[in-house]
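Chemist: A single structure is presented below for examination.
The values are calculated or read from the model by the stated rules, or taken from the named source; none is laboratory data. The structure displayed is predicted, hence computed values, not measured ones. Every residue, glycine among them, receives a Cβ derived from its backbone with ideal geometry; neighbour counts consider all protein chains shown.
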Amino acid sequence: MLKPGDRAPAFALADQHGNTVRLGDHEGATVALFFYPKADTPGCTTQACGLRDAVPDLGDTVVLGISPDLPAKQATFAEKFELGYPLLSDPDHEVAEKYGAWGEKRMYGRTYEGIIRSAFVIDEKGTVAEAWYKISPKDTAAKVRQALDGS
């Protein structure tokens with residue numbers, strides 16, 4: 001698991017339009033990065049829309065979402081909810097693993113591997129400023145705002 005002060009792992013992933021997005025593309029900017037299990041499911045929609053609604057309060061912060069969904073599914077999700085920021089496809093969960101956002105989960109008595117809902121604020125130098133694992137979909141935008149406000 002990453003913690004504040006750690007270097008944010010680099011990545012290059014396809015967004016919902018098939019364009020490659022790299023963390024390094026945003027050097028010099030603050031990035032709010034979140035991992036979510038599956039596009040267009042209730043919790044993920046709450047999380048993604050919460051961040052969409054928070055964008056005006058985040059200044060120049062770049063918002064990026066990552067899930068194992070393929071770009072076509074990400075595009076449908078982004079369009080349906082007018083998200084307005086890149087959703088990145090990590091089908092092999094390589095980036096999720098680097099961020100500690102992939103691991104064992106339990107639901108309805110079943111154990112399986114999957115995305116651990118997580119969020120990060122990455123500063124202008126590429127350092128993790130804040131990291132939240134097992135974050136509530138409802139809390140993501142508020143926690144990001146608080147971190148950016150220094151509260």
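Chemist: Report, by residue number, each residue of the stretch 51-66 that is in contact with a strand residue (DSSP E or B) (Cβ under 8 Å, 6 or more places away or on another chain) and part of a loop (DSSP other than H, G, I, E, B).
Modeler: Result: Leu58, Thr61.
Chemist: Give me the pairs: first residue in the stretch 99-112 and loosely packed, with under 14 Cβ neighbours inside 10 Å, second residue of a type outside the set (Gly, Ala, Ser) and in a loop (DSSP other than H, G, I, E, B), beta-carbon distance under 9 Å, and six or more apart or on different chains, which are they?
Modeler: From residues that are loosely packed, with under 14 Cβ neighbours inside 10 Å, the pairs are Glu104/Ile116.
Chemist: How about the stretch 18-50: which of its residues are assigned to a loop (DSSP other than H, G, I, E, B) and either within 12 Å of Phe77 (Cα to Cα) or of a type in the set (D, E, K, R) (or both)?
Modeler: Result: Glu27, Lys38, Ala39, Asp40, Thr41.
Chemist: List the residue pairs whose Cβ atoms are under 6 Å apart, where the first residue sits in the stretch 71-94 and is closer than 10 Å to Ala14 by Cβ and in contact (Cβ under 8 Å) with a residue 60 or more places away in the chain, the second is among the aliphatic types (A, V, I, L, M) and part of a loop (DSSP other than H, G, I, E, B), and the two are 6 or more positions apart or on different chains.
Modeler: So the pair list comes out as Ser89/Leu70.
Chemist: Related question: Of the numbered conditions (1) crowded, with 21+ Cβ neighbours inside 10 Å; (2) at pLDDT below 95, Gly59 satisfies every one except a single condition; which is it?
Modeler: So Gly59 meets the others, but not (1).
Chemist: Here is a follow-up. Looking only at strands (runs of 3 or more DSSP E) that fall completely inside the stretch 72-133, which ones have 2 or more residues that are closer than 21 Å to Val21 by Cα and more than 12 Å from the chain's Cα centre (by Cα)?
Modeler: Where strands (runs of 3 or more DSSP E) fall fully within the stretch 72-133 and carry at least 2 residues being closer than 21 Å to Val21 by Cα and more than 12 Å from the chain's Cα centre (by Cα), they are 128-133.
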